[in-house]
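The structure under discussion appears below in the form of structure tokens.
Since every read-out is calculated from the coordinates, none of them should be taken as a lab result. Quick caveat, the model's predicted, so the values are computed rather than measured. When we count neighbours, we look across all protein chains shown, and the Cβ atoms used for this are built from the backbone with ideal geometry, even at glycine.
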Amino acid sequence: MKKILLLTCLIIFIPFLVVNLFIKDDEIKFIYTSNMSVRVKQEDADKIIKVPFEDYIVGVLAGEMPISFELEALKAQAVAARSYVMKKMEYNKDKDYDVVDTVMNQVYLDNDYLKKAWKDDYTENINKIKTAVLETSNQYLVYDDKVIDAMFFSTSVGFTENSEEVFTSKLPYLRSVSSTWDTISPVYEVNYTFELEDFYNKLNLDYQDEIILEKVKTTSTGRIKEIKINDVLFTGSEVVTALNLKSNHFSIKQDKNKIYITTKGYGHGVGMSQYGAQAMALEGYTYDEILKHYYQGTEIKKF
């Protein structure tokens with residue numbers, strides 16, 4: 001019964017993009033046949049705005065992927081972003097808003113921001129993104145006929161993560177898969193240097209001349225879930241936050257009063273790697289092939 005109700009709501013309320021569009025000042029404009037919108041909480045402004053559904057996807061692509069990325073990568077991101085917000089709208093239907101505009105959900109940038117940021121390149125850039133959205137119009141991902149939780153992140157460590165090793169739920173479509181393409185990412189490997197005293201201060205540890213490390217628990221790809229530093233237990237996420245690291249796949253070395261840390265990857269590692277998607281697109285993979293690689297066993301459906 002719930003499945004029938006959900007499908008009915010989708011059919012009635014999700015906006016259909018009219019394929020025909022008109023041009024004004026050379027910018028692609030979407031025309032809607034319904035007024036379905038996403039309730040977006042803008043964290044900095046501390047207000048909730050309503051954004052037409054596919055315009056919201058445009059703003060997410062602008063916030064989540066470099067404009068230089070290949071069209072097929074942008075199209076993959078569009079379908080993932082559409083699926084992600086649909087799931088959030090389902091979860092949050094009784095709340096004041098569906099999503100926030102930060103990395104807590106999906107980064108969303110509004111048109112005023114983009115015009116200021118892109119300046120003379122605005123029309124060219126926005127048209128590239130709108131083309132990706134238009135060419136995947138109303139497409140979303142399902143597993144067993146249910147909208148998926150389409151998680152994504154910047155850069156893998158060579159493999160993505162099983163969902164239950166990072167979060168709590170074991171989802172059949174969020175399995176660890178090879179993503180060796182990610183070496184193209186500028187943050188695939190990042191090196192940090194800390195003064196020993198600063199390192200201790202950031203972790204709120206008492207000063208000692210030598211650090212003692214013990215990896216307590218890791219994921220199957222080597223991400224640190226728990227680590228002991230001088231007999232104090234930290235989660236990998238706590239270390240990442242305290243030291244402002246890119247990833248919880250890290251190694252720590254000491255050389256006298258210096259601490260050297262190397263991280264691999266950027267982000268939580270579950271779902272689609274954005275730089276992996278870009279590398280696949282550069283090799284000729286289409287957006288649907290990219291999506292089916294990172295979201296195992298899923299299908300693309302259309303409203």
**Message:** What does the charge count around Asp121 come to, taking other residues whose C-beta lies under 13 Å from its C-beta (Lys +1, Arg +1, Asp -1, Glu -1)?
**Reply:** 0
**Item:** DSSP loop GluC sites (Glu not before Pro) with at most 12 other Cβ within 10 Å: longest gap in the chain
**Value:** 44-209
**Fill in**
Listed residues Leu74, Leu282, Leu61; largest mean-square fluctuation, Gaussian network over the chain with Cα springs below 10 Å, found at Leu282
**Message:** Give me P(r) over the stretch 249-303, computed from all C-alpha to C-alpha distances, binned every 10 Å, as integer percentages.
**Reply:** 19, 33, 22, 15, 9, 2, 0
**Fill in**
Final fewest-first order of Ile148, Ile126, Ile300 on the 10 Å Cβ neighbour count is Ile300, Ile126, Ile148
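What Kirkwood Rh does the stretch 189-264 have if only Cα atoms enter the pairwise 1/r average? Answer in Å.
Final number for the Kirkwood radius of the stretch 189-264 is 12.3 Å.
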**Prompt:** How much net charge surrounds Tyr188 when only other residues with a Cβ under 9 Å from its Cβ are counted (Lys, Arg +1; Asp, Glu -1)?
**Reply:** -1
**Complete:** Most exposed first, judged by fewest Cβ atoms within 10 angstrom, His249, His293 run His293, His249
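Just list whichever of Lys95/Lys119; Lys95/Lys217; Lys215/Lys256; Lys93/Lys302 have alpha carbons separated by over 32 Å in the model shown.
From the list (Lys95/Lys119; Lys95/Lys217; Lys215/Lys256; Lys93/Lys302), the Cα-Cα distance tops 32 Å for Lys95/Lys119; Lys95/Lys217.
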**Request:** Can you tell me the dipole magnitude for the chain around its Cα centre, using point charges on the Cβ only (Lys, Arg +1; Asp, Glu -1), in Debye to the nearest 20?
**Result:** 880
**Asked** Amide H of Ile67: which non-local residues (sequence gap of 5 or more, or other chain) have their own amide H closer than 5 Å, using H built in the peptide plane?
**Response** none
**Order of Tyr285, Tyr275 - criterion: other Cβ atoms within 10 Å of each residue's Cβ, fewest first** = Tyr285, Tyr275
